[in-house]
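Visitor: Below is a structure I'd like to ask you about.
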Amino acid sequence: QVQLVESGGGLVQAGGSLRLSCAGSGSAFSLNNMGWYRQAPGKEREWVAVISRGGDTVYAESVKGRFTISRDDAKNTVYLQMNSLTPEDTAVYYCFANKGGTYWGQGTQVTVSS
(Lines give C-alpha, C1' and ligand atoms only; values in the text may rest on other atoms or scores of the structure.)
Protein backbone atom coordinates (compact mmCIF):
# COMPACT_ATOMS: atom_id res chain seq x y z
CA GLN A 1 0.00 0.00 0.00
CA VAL A 2 1.04 3.56 -0.73
CA GLN A 3 -0.02 6.48 1.43
CA LEU A 4 0.14 10.02 0.06
CA VAL A 5 -0.10 13.16 2.18
CA GLU A 6 -0.36 16.63 0.64
CA SER A 7 0.72 19.86 2.29
CA GLY A 8 1.34 23.47 1.34
CA GLY A 9 -2.15 24.65 0.54
CA GLY A 10 -3.57 27.87 1.90
CA LEU A 11 -4.94 31.30 1.13
CA VAL A 12 -3.05 33.56 -1.26
CA GLN A 13 -3.82 36.72 -3.16
CA ALA A 14 -4.13 36.74 -6.93
CA GLY A 15 -0.70 36.90 -8.52
CA GLY A 16 0.89 35.07 -5.64
CA SER A 17 2.57 31.70 -5.40
CA LEU A 18 2.24 28.48 -3.46
CA ARG A 19 4.22 25.26 -3.44
CA LEU A 20 2.37 22.03 -2.80
CA SER A 21 4.10 18.89 -1.63
CA CYS A 22 2.91 15.30 -1.65
CA ALA A 23 4.91 12.82 0.37
CA GLY A 24 4.59 9.11 -0.13
CA SER A 25 5.02 6.46 2.53
CA GLY A 26 4.41 2.78 2.96
CA SER A 27 5.33 1.08 -0.28
CA ALA A 28 6.02 4.44 -1.92
CA PHE A 29 9.29 3.49 -3.56
CA SER A 30 9.76 3.09 -7.31
CA LEU A 31 6.61 5.06 -8.03
CA ASN A 32 5.82 5.51 -11.69
CA ASN A 33 3.82 8.54 -12.80
CA MET A 34 3.03 11.10 -10.13
CA GLY A 35 0.89 14.15 -10.49
CA TRP A 36 -1.91 16.43 -9.47
CA TYR A 37 -5.61 16.89 -10.02
CA ARG A 38 -7.84 19.61 -8.64
CA GLN A 39 -11.52 20.03 -7.96
CA ALA A 40 -13.21 23.38 -7.68
CA PRO A 41 -16.59 23.77 -5.92
CA GLY A 42 -19.40 22.48 -8.10
CA LYS A 43 -17.01 21.25 -10.81
CA GLU A 44 -15.60 17.90 -11.83
CA ARG A 45 -12.09 16.87 -10.89
CA GLU A 46 -9.62 18.32 -13.38
CA TRP A 47 -6.21 16.94 -14.27
CA VAL A 48 -3.41 19.49 -13.70
CA ALA A 49 0.01 17.97 -14.32
CA VAL A 50 1.92 14.70 -14.40
CA ILE A 51 5.58 13.73 -14.16
CA SER A 52 6.96 10.39 -15.22
CA ARG A 53 9.55 8.37 -13.39
CA GLY A 54 12.04 9.63 -15.97
CA GLY A 55 11.14 13.25 -15.33
CA ASP A 56 9.00 13.95 -18.39
CA THR A 57 6.25 16.44 -17.61
CA VAL A 58 2.88 17.29 -19.12
CA TYR A 59 0.59 20.14 -18.08
CA ALA A 60 -3.01 21.11 -18.59
CA GLU A 61 -3.34 24.11 -20.88
CA SER A 62 -4.91 26.10 -18.07
CA VAL A 63 -1.73 25.96 -15.96
CA LYS A 64 1.01 25.70 -18.59
CA GLY A 65 3.67 28.35 -18.05
CA ARG A 66 2.51 29.07 -14.50
CA PHE A 67 2.82 25.73 -12.68
CA THR A 68 5.87 23.48 -12.44
CA ILE A 69 5.78 19.88 -11.34
CA SER A 70 8.86 18.14 -9.98
CA ARG A 71 9.71 15.07 -7.93
CA ASP A 72 12.34 13.87 -5.50
CA ASP A 73 12.43 10.10 -5.58
CA ALA A 74 14.83 9.95 -2.65
CA LYS A 75 12.00 11.46 -0.59
CA ASN A 76 9.14 9.80 -2.51
CA THR A 77 7.72 13.29 -2.93
CA VAL A 78 6.14 15.23 -5.78
CA TYR A 79 5.87 19.00 -5.80
CA LEU A 80 3.71 21.54 -7.58
CA GLN A 81 5.07 25.07 -7.75
CA MET A 82 2.19 27.39 -8.58
CA ASN A 83 2.92 30.94 -9.71
CA SER A 84 0.74 33.77 -11.00
CA LEU A 85 -2.26 32.30 -9.24
CA THR A 86 -5.74 33.48 -10.15
CA PRO A 87 -9.10 32.99 -8.41
CA GLU A 88 -9.85 30.33 -11.05
CA ASP A 89 -7.11 28.20 -9.48
CA THR A 90 -9.12 27.93 -6.27
CA ALA A 91 -9.74 24.23 -5.65
CA VAL A 92 -8.87 21.24 -3.56
CA TYR A 93 -5.65 19.82 -5.00
CA TYR A 94 -5.11 16.07 -4.95
CA CYS A 95 -1.89 14.27 -5.69
CA PHE A 96 -1.78 10.81 -7.20
CA ALA A 97 0.82 8.16 -7.84
CA ASN A 98 0.84 5.06 -10.01
CA LYS A 99 2.35 1.80 -8.85
CA GLY A 100 0.29 -1.10 -10.06
CA GLY A 101 -2.83 0.82 -9.20
CA THR A 102 -3.47 4.52 -8.59
CA TYR A 103 -3.15 6.00 -5.13
CA TRP A 104 -4.58 9.35 -4.00
CA GLY A 105 -3.86 11.83 -1.29
CA GLN A 106 -6.57 13.36 0.88
CA GLY A 107 -6.38 16.77 -0.78
CA THR A 108 -5.21 20.23 0.23
CA GLN A 109 -7.25 23.40 -0.18
CA VAL A 110 -5.90 26.25 -2.28
CA THR A 111 -7.84 29.51 -2.16
CA VAL A 112 -6.87 32.48 -4.31
CA SER A 113 -8.48 35.78 -3.42
CA SER A 114 -9.02 38.55 -5.95
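Visitor: Just subtract the alpha-carbon distance of TRP104 and ASN83 from 0.36 nm times their residue separation and send over the number in nm, one decimal.
Guide: Difference between extended and current length: 5.2 nm.
Visitor: Can you tell me which aspartates and glutamates have their Cα less than 15 Å from the Cα of LYS64? Leave out same-chain residues fewer than eight positions away.
Guide: Qualifying aspartates and glutamates at Cα under 15 Å: GLU46, ASP56, GLU88, ASP89.
Visitor: Can you list the HN-Hα couplings for the range 16-22, worked out from phi with the Karplus curve (6.51, -1.76, 1.60; θ = phi - 60°), rounded to whole Hz and with x for Gly and Pro?
Guide: x, 9, 9, 10, 8, 10, 9
Visitor: Still on this structure: In whole percent, what relative contact order does the range 36-114 give with Cα contacts below 8 Å and a gap of six or more residues?
Guide: The value is 27 percent.
Visitor: Express the carbon and sulfur contribution to the solvent-accessible surface of the chain as a percent, rounded to the nearest whole number, probe 1.4 angstrom.
Guide: Carbon and sulfur atoms account for 48 percent of the accessible area of the chain.
Visitor: Please report, in debye to the nearest 20, how large the charge dipole of the chain is about its Cα centre when each Lys and Arg carries +1 at its beta carbon and each Asp and Glu carries -1 there.
Guide: That gives a dipole near 140 debye.
Visitor: Calculate I(q)/I(0) for the chain by the Debye formula, one identical point scatterer on each C-alpha and no solvent, and give its log10 at q = 0.20, 0.22 Å⁻¹ to two decimals.
Guide: One equal scatterer on each Cα of the chain leads to -1.01, -1.20.
Visitor: Could you work out how far the C-alpha centroid of the range 67-97 sits from that of the range 1-55, in angstrom?
Guide: With the range 67-97 and the range 1-55 each reduced to a Cα centre, they are spaced 5 Å.
Visitor: Another question, if that's okay. Taking 0.36 nm per intervening residue step and subtracting the Cα-Cα distance, what contour gain separates LYS75 from THR111 on full extension?
Guide: Contour length minus the Cα-Cα distance gives 10.3 nm.
Visitor: Let me ask you something else. Treating cross-link reach as a plain straight distance, find the aspartates and glutamates whose alpha-carbon is under 16 Å from the alpha-carbon of LYS75, omitting any fewer than eight places away in the same chain.
Guide: GLU6
Visitor: Moving to a separate point now. Please arrange LEU18, LEU31 by accessible surface area, largest first, computed with a 1.4 Å probe and ligands excluded.
Guide: Largest accessible area first, the list is LEU18, LEU31.
Visitor: Of CYS22, VAL48, ASN76, which is farthest towards the positive pole of the chain's charge dipole, taken about the Cα centre with +1 and -1 on the beta-carbons of Lys, Arg and Asp, Glu respectively?
Guide: With unit charges placed on the Cβ atoms, the residue in question is ASN76.
The values are calculated or read from the model by the stated rules, or taken from the named source; none is laboratory data. Here the structure is a predicted model, which is why all the values come from computation and not from measurement. Every residue, glycine among them, receives a Cβ derived from its backbone with ideal geometry; neighbour counts consider all protein chains shown. Just the protein is used for accessible areas: all its heavy atoms, side chains included, with ligands, DNA and RNA removed. Shrake-Rupley method; radii C 1.70, N 1.55, O 1.52, S 1.80 Å.
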